[in-house]
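Asker: Below is a structure I'd like to ask you about.
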Amino acid sequence: MAERNMFSRETARAALNGILKAIEQSENASKIKEARDNAGNDMTKRMQYVFPIVMMLQMDVIKDYGFSEGRHGIIQFTQLIRNLEQEDSEIALLHSRVRAHFLPEIPSSSGASL
């Protein structure tokens, strides 16, 4: 089980880069693109079709960094990353790049009123 004091910024960067590399592998990228195309900009469909693919890839990578497989490992990893991204802009950028694969683009609010 990974803990904050054993999970350094360098390890966090390596894990996030590993996740991005897995996401960008052609076979995985094709699956994600197909799921994203099927979901469109519908957040519910994104969470139903795209999110599980990205999470499976993430679980595959983070187990190499001492995290348990499954929900608990993902939660623990995400909490550690969220804490570290407050201190490290590179970690924040890498984490946002991972999230961008399953979250829909938010249209610019310029000129739009809520």
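The values are calculated or read from the model by the stated rules, or taken from the named source; none is laboratory data. The structure displayed is predicted, hence computed values, not measured ones. Cβ: placed from backbone, ideal geometry, glycine included. Neighbour counts: every protein chain shown. Accessible surface is based on the protein model in full, side chains and every heavy atom, while ligands, DNA and RNA are left aside. Shrake-Rupley method; radii C 1.70, N 1.55, O 1.52, S 1.80 Å.
Asker: Where the second residue is open to solvent by less than 40 Å² (accessible area, probe 1.4 Å) and outside any helix (DSSP H, G or I) and the first is without any contact (Cβ under 8 Å) to a residue 40 or more places away in the chain and under 16 Å from Gly18 (Cβ atoms) and lies in region 66-77, which pairs have Cβ atoms under 7 Å and are six or more apart or on separate chains?
Answerer: Cβ pairs passing all conditions: Gly73/Phe67.
Asker: Looking only at region 44-59, count how many residues are closer than 19 Å to Ser96 by Cβ and open to solvent by 40 Å² or more (accessible area, probe 1.4 Å).
Answerer: 3
Asker: Inspect all residues belonging to region 81-102 and state whether any of them is assigned to a loop (DSSP other than H, G, I, E, B), farther than 19 Å from Asn17 by Cβ, open to solvent by less than 90 Å² (accessible area, probe 1.4 Å) and modelled with pLDDT under 90.
Answerer: Looking through region 81-102, none of the residues is assigned to a loop (DSSP other than H, G, I, E, B), farther than 19 Å from Asn17 by Cβ, open to solvent by less than 90 Å² (accessible area, probe 1.4 Å) and modelled with pLDDT under 90.
Asker: Now for a different question. Within the set of pairs 6+ apart or on separate chains, which have a first residue in region 19-43 that is more than 13 Å from Val98 (Cα to Cα) and open to solvent by 90 Å² or more (accessible area, probe 1.4 Å), a second that is in a helix (DSSP H, G or I) and not aliphatic (A, V, I, L, M), and C-beta atoms under 6 Å apart?
Answerer: Correct list of pairs: Asn38/Tyr49.
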